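Asks: Supplied in structure tokens, the structure appears directly below.
The values are calculated or read from the model by the stated rules, or taken from the named source; none is laboratory data. Quick caveat, the model's predicted, so the values are computed rather than measured. Neighbour counts run over all protein chains shown; Cβ positions are idealised from the backbone, glycine included. Quick note on the areas: whole protein, heavy atoms, side chains included, nothing else; ligands and nucleic acids left out. Shrake-Rupley method; radii C 1.70, N 1.55, O 1.52, S 1.80 Å.
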Amino acid sequence: MRRLAWVLLAVAIGIGGGSGPSIGDAVDPAAPAAAAQAPTAADSDAQLTAREIYQRVLENRFDSSVQEFVLVSADRAGNEQRLRIRQMWKRYQEGSESHDKGVLSRTVLRYLEPPDLRQTAYLIINNNDQPNDQFVYLKSQRRVRRMNLRDESVSGTDLSVEDLVPRELDDATYERAADDEVDGTPCFVVEATPIESAESAYSRFWLYVEKAHYVPLRIRYWNRMEIEIKELRSPAESIREIDGIYVPSEATMRHLLESSSTSLDLDVLIPNPELPDQLFTERQLHAKKLRLPKGMLEQARKL
């Protein structure tokens, strides 16, 4: 859910460098009008709709992934808390059995550290045209409960469960705002308004999307009372290109009302693993140890 400050050639972002006639140049009356020339990158940028921009953001991701994050939160007094979370995510292509049944993607979030939270886990099934199925397994209660995770905090950090679950295109409607810059990098700006069935805690969020690779560099969040409450950013040097996908390896979420922040470091990534559906079940949440398919850890990338 991020900042990118690549140095871009002018042609890549559609600015600078026309070579048209200057004052004093002779102009052939028979020459074609400027409007007939090939469109520039800037022209193409201007024609993109907000939904098209966000669709390209979603295209810059794997079909499945296993990731491990280290979260460090700090309050205004400087007190810190450290967590480690594993995220497994799988989306379903059109024509697959799960997609035909209305399932767009499945996500499991599982605490690995600290010991008192180990085994606590969440399962989110993102459905098409209906509310998501959401479950939590609490180690203290030793049972799985169905619940609305909209306002569920990730153990007191500035991140919510919703912030760690990849979104789908039809979860929101989109409007394009004026282009802007993030740390000098030209960005598209898209306002996303979650639909009711997405059950979001946010009334809207603004994404500042870098133009070269469609990576969000900044995300601003408004709550249901239309108060801007959070902001997510990532540093330029954290962006990694893995198998043609651009991945931010770290980010910082600031809570604007609480004056607190949480850093998120992507420590381990397994791109496009074969994840069996039984990993995304209520029964699997009970497992004391999540057993990944044999050989999968050998594919892990240390970031």
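Asks: Of Thr157, Thr185, Leu169, which is farthest towards the positive pole of segment 144-204's charge dipole, taken about the Cα centre with +1 and -1 on the beta-carbons of Lys, Arg and Asp, Glu respectively?
Replies: Looking along the dipole axis, the top candidate is Thr157.
Asks: Using a 1.4 Å probe on the protein chains only, how many percent of the accessible area of segment 72-158 belongs to carbon and sulfur?
Replies: 40 percent
Asks: Can you list the aspartates and glutamates whose alpha carbon sits under 16 Å from that of Lys289, skipping same-chain ones fewer than 8 residues off?
Replies: Cα-Cα hits under 16 Å: Glu68, Glu113, Asp116.
Asks: Further, regarding this structure: Got a number for carbon plus sulfur as a percent of segment 223-263's accessible area, 1.4 Å probe?
Replies: The C+S portion of the solvent-accessible surface of segment 223-263 is 47 percent.
Asks: Something else about it: Is there a quick way to get the dipole size of segment 58-184? I mean about its Cα centre, with the Cβ of Lys and Arg at +1 and of Asp and Glu at -1; what is the value in debye to the nearest 20?
Replies: 1140 debye
Asks: Mind checking the full-extension length gain between Glu282 and Ala178? Use 0.36 nm per residue of separation minus the Cα-Cα distance, one decimal, nm.
Replies: In short, 33.0 nm is gained.
Asks: Could I ask something else about it? May I ask which of Lys139/Lys230; Lys139/Lys294; Lys211/Lys294; Lys139/Lys211; Lys211/Lys288 have a Cα-Cα span longer than 32 Å here?
Replies: Lys211/Lys294; Lys139/Lys211; Lys211/Lys288
Asks: Along the charge dipole of segment 206-271, pointing to its positive end and built from +1/-1 on Cβ of Lys, Arg, Asp and Glu, which listed residue (Gly244, Ile270, Tyr208) has its Cα farthest out?
Replies: Comparing the listed Cα positions along the dipole, Tyr208 ranks first.
Asks: Related question: In segment 77-109, which trypsin sites (Lys or Arg not before Pro) fall in coil by DSSP and have 11 or fewer other Cβ atoms within 10 Å?
Replies: Lys101
Asks: Now for a separate question. Under 16 Å Cα to Cα from Lys101, which lysines show up? Leave out anything in the same chain fewer than 8 places away.
Replies: Lys90
Asks: How large is the dipole of segment 198-243 about the Cα centre if only Lys and Arg carry +1 and Asp and Glu carry -1, each at its Cβ, rounded to the nearest 20 debye?
Replies: The calculated dipole for segment 198-243 is roughly 160 debye.
Asks: Tell me, what is the per residue accessible area of segment 194-303 in Å², probe radius 1.4 Å?
Replies: With the other protein chains kept in place, segment 194-303 gives 50 Å² per residue.
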